[in-house]
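Structure, as structure tokens:
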Amino acid sequence: MILGLGTGGLYASKAASITDRDARISIVEQRAYEMFSPRGLPYALEGSVKSLPEEFECKACGVNFSSEEELERHNKDVHGSPKKDDKRQKS
């Protein structure tokens, strides 16, 4: 079992599949959006990428989150209560 599909999780799954081709690999990912690759940044900058995931911004500290649930958890943990008036923004 691999926790997280960041760079480390991706390479861990690749290493496991190379080491044992019959291995059953399970990946647990918390993010509500697909993984991105820094190598894709030039495509986004040149306009090849037509849309980006919606972000949810915490008005109290300016931190952006990929899901409303993450924003609410942040507000509860960091600021003491969920704030329903935090704005959505397109990145």
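Laboratory data are not the source of any read-out in this text; all were calculated from the coordinates shown. Please read all numbers here as calculations on a predicted model, not as lab measurements. Quick reminder, even Gly has a Cβ in these numbers, built from the backbone with ideal geometry, and neighbours come from all protein chains shown.
List of remarks:
- Among Leu41, Leu71, Leu10, a tally of other beta-carbon atoms within 10 Å of each Cβ gives an order, fewest to most, of Leu41, Leu10, Leu71.
- Theoretical FRET efficiency, 1/(1+(r/R0)^6), r = Cβ-Cβ of Lys59 and Leu3, R0 35 Å, to 0.05: 0.70
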